[in-house]
1. Looking at this structure, is Phe71 of a type in the set (Phe, Trp, Tyr), free of Cβ contacts under 8 Å to residues at least 24 places away in the same chain, touching a helix residue (DSSP H, G or I) at 6+ places or on another chain (Cβ under 8 Å) and part of a helix (DSSP H, G or I)?
2. It is to be established whether one or more residues within the range 130-152 are more than 25 Å from Leu65 (Cα to Cα) and among the polar types (S, T, N, Q).
3. Under 6 Å between Cβ atoms, at least 6 apart or on separate chains: pull out the pairs that start in the range 269-285 with a residue that is within 16 Å of Ser222 (Cβ to Cβ) and end on any residue that is among the charged types (D, E, K, R) and surrounded by fewer than 22 Cβ atoms within 10 Å (Cβ to Cβ).
4. Counting just the residues of the range 14-42 that are within 16 Å of Glu114 (Cα to Cα) and small (Gly, Ala, Ser), which one comes out modelled with the lowest pLDDT?
5. Can you confirm whether the range 52-68 contains a residue that is touching a Pro at 6+ places or on another chain (Cβ under 9 Å) and either surrounded by fewer than 17 Cβ atoms within 10 Å (Cβ to Cβ) or of a type in the set (Gly, Ala, Ser) (or both)?
6. Applying the selection to the range 69-86, what residues are out of contact with any Gly (no Cβ under 7 Å at 6 or more places or on another chain), farther than 23 Å from Lys156 by Cβ and surrounded by 21 or more Cβ atoms within 10 Å (Cβ to Cβ)?
7. Going by the conditions given, is Leu249 among the aliphatic types (A, V, I, L, M), part of a helix (DSSP H, G or I) and surrounded by 14 or more Cβ atoms within 10 Å (Cβ to Cβ)?
Amino acid sequence: MEFLRMVKEEKGSQAVRRGVQFLFLIIVCFIGFRFSQFAGALEKGMLPLVDRPPGVEVFLPIGALVSLKYFVFTGIINEIHPSGLVLFLIICATAVVIKKGFCSWVCPFGLLSEYLSKVHYLIFKQGVRLPLWLDRILRGIKYLLAGFFIWTIFFKMPLEAIERFINSPYNILADIKMFKFFTQISMTAFFVILGLILLSVLIRNFWCRYLCPYGAILGVLSFLSLGRIKFNPSHCSNCGKCEKICPGLINIRQGKSSFSSECSTCLQCVNVCPEEGALKYSFFKNRFSMGSIGVGLILLIMFSGGIAMARMAGHWENRISKRDYFFYMMTQGMMDKPIFDTEQSGK
């Protein structure tokens with residue numbers, strides 16, 4: 001109950017972060033709705049009347065890594081799923097500015113984890129913490145997963161294989177396949193997702209803390225971050241509220257928040273601290289501090305600015321026409337009996 005009481009106390013100061021989270025959630029839901037219209041029409045054998053939303057590629061991180069290698073070695077942003085690479089680079093850039101702020105300010109899975117944490121404390125009044133040795137072992141899983149993908153793509157796949165993959169029907173239809181994963185979910189996948197939700201209730205932030213490879217990459221990049229949580233022990237009353245509310249389970253009073261790869265810049269520790277000057281979020285070695293409004297603005301500017309630049313450079317929309325999507329889906333057997341209307345509007 002102590003955790004829930006602290007959450008209630010700091011609710012007002014976290015309103016900005018919650019507002020930014022729900023803003024991005026609304027955007028994600030809108031993208032999902034538009035893409036369901038696009039993919040749903042193709043599945044029925046018709047040319048879609050709506051355009052494909054490029055933002056759906058944020059859910060194709062493996063494709064983004066492939067595109068990144070191709071860009072690094074050729075200087076070319078491939079035209080199959082360009083926005084996936086753009087969004088991946090923006091997200092990585094946020095880690096260099098505000099640590100893992102993406103996880104606690106933007107990611108919908110991070111928002112879900114926070115609400116599952118509240119359920120956790122409703123069931124377990126004092127909360128449950130795994131033994132330190134087990135926590136460290138489990139935390140290594142997300143780094144192993146991230147390392148596996150990076151090693152496979154950057155070190156095992158030759159450039160010729162990268163080019164073949166990019167232009168393959170599998171990669172072209174990767175967004176449609178992702179859509180089908182959820183609309184035609186198998187029982188195995190359903191129970192795996194259900195199991196992850198249950199584990200996130202039993203163990204606070206289970207997915208984010210132990211399994212998310214995206215979070216692992218951002219955690220490593222966060223060591224370069226310009227902004228950090230600064231702890232001043234001379235102002236600390238040693239109440240421990242900061243550590244109780246910290247979703248990363250960081251030993252803040254030992255000064256480990258500054259360089260911890262688990263810090264997501266949620267600022268809950270700063271907001272709940274009763275002592276002025278004990279904790280603050282600052283940039284450039286404590287030269288100036290920033291609150292929730294500043295962090296929220298940084299994220300909004302980085303995403304909107306990055307997407308705007310990609311649009312102007314012609315690297316946001318893919319070069320796959322609706323008719324090409326129709327052709328690839330038909331040849332791959334991914335649609336019902338086609339009702340192809342050549343008079344329908346479409347690219």
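The values are calculated or read from the model by the stated rules, or taken from the named source; none is laboratory data. Everything quoted here is computed from the prediction, not taken from an experiment. FYI the Cβ positions are ideal-geometry reconstructions off the backbone, even for glycines, and counts take in every protein chain you see.
1. Numbers: of a type in the set (Phe, Trp, Tyr): yes; free of Cβ contacts under 8 Å to residues at least 24 places away in the same chain: yes; touching a helix residue (DSSP H, G or I) at 6+ places or on another chain (Cβ under 8 Å): yes; part of a helix (DSSP H, G or I): yes.
Considered against the rule, which asks whether it is of a type in the set (Phe, Trp, Tyr), free of Cβ contacts under 8 Å to residues at least 24 places away in the same chain, touching a helix residue (DSSP H, G or I) at 6+ places or on another chain (Cβ under 8 Å) and part of a helix (DSSP H, G or I), Phe71 comes out as yes.
2. We begin by selecting, within the range 130-152, every residue more than 25 Å from Leu65 (Cα to Cα); these are 130-137.
Pick out the ones that are also among the polar types (S, T, N, Q) and you get none.
The answer is no, given that none of the residues of the range 130-152 is more than 25 Å from Leu65 (Cα to Cα) and among the polar types (S, T, N, Q).
3. Ser282/Lys230
4. By that ranking, first place goes to Ala15.
5. yes
6. Taking the range 69-86 as the starting set, the residues that turn out to be out of contact with any Gly (no Cβ under 7 Å at 6 or more places or on another chain) are 69-80, 82, 85.
Within this subset, residues satisfying the condition of being farther than 23 Å from Lys156 by Cβ are 79, 82.
Residue satisfying the conditions is Pro82 alone.
7. Values: among the aliphatic types (A, V, I, L, M): yes; part of a helix (DSSP H, G or I): no; surrounded by 14 or more Cβ atoms within 10 Å (Cβ to Cβ): yes.
Judged against the criteria, Leu249 is not a match.
Quick grid of which residues meet (1) more than 21 Å from Ala310 (Cα to Cα); (2) in contact (Cβ under 8 Å) with a residue 12 or more places away in the chain; (3) aliphatic (A, V, I, L, M):
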| site | (1), (2), (3) |
| --- | --- |
| Val66 | no, yes, yes |
| Pro82 | no, yes, no |
| Cys103 | yes, yes, no |
| Gly110 | yes, yes, no |
| Lys118 | yes, yes, no |
| Phe149 | yes, yes, no |
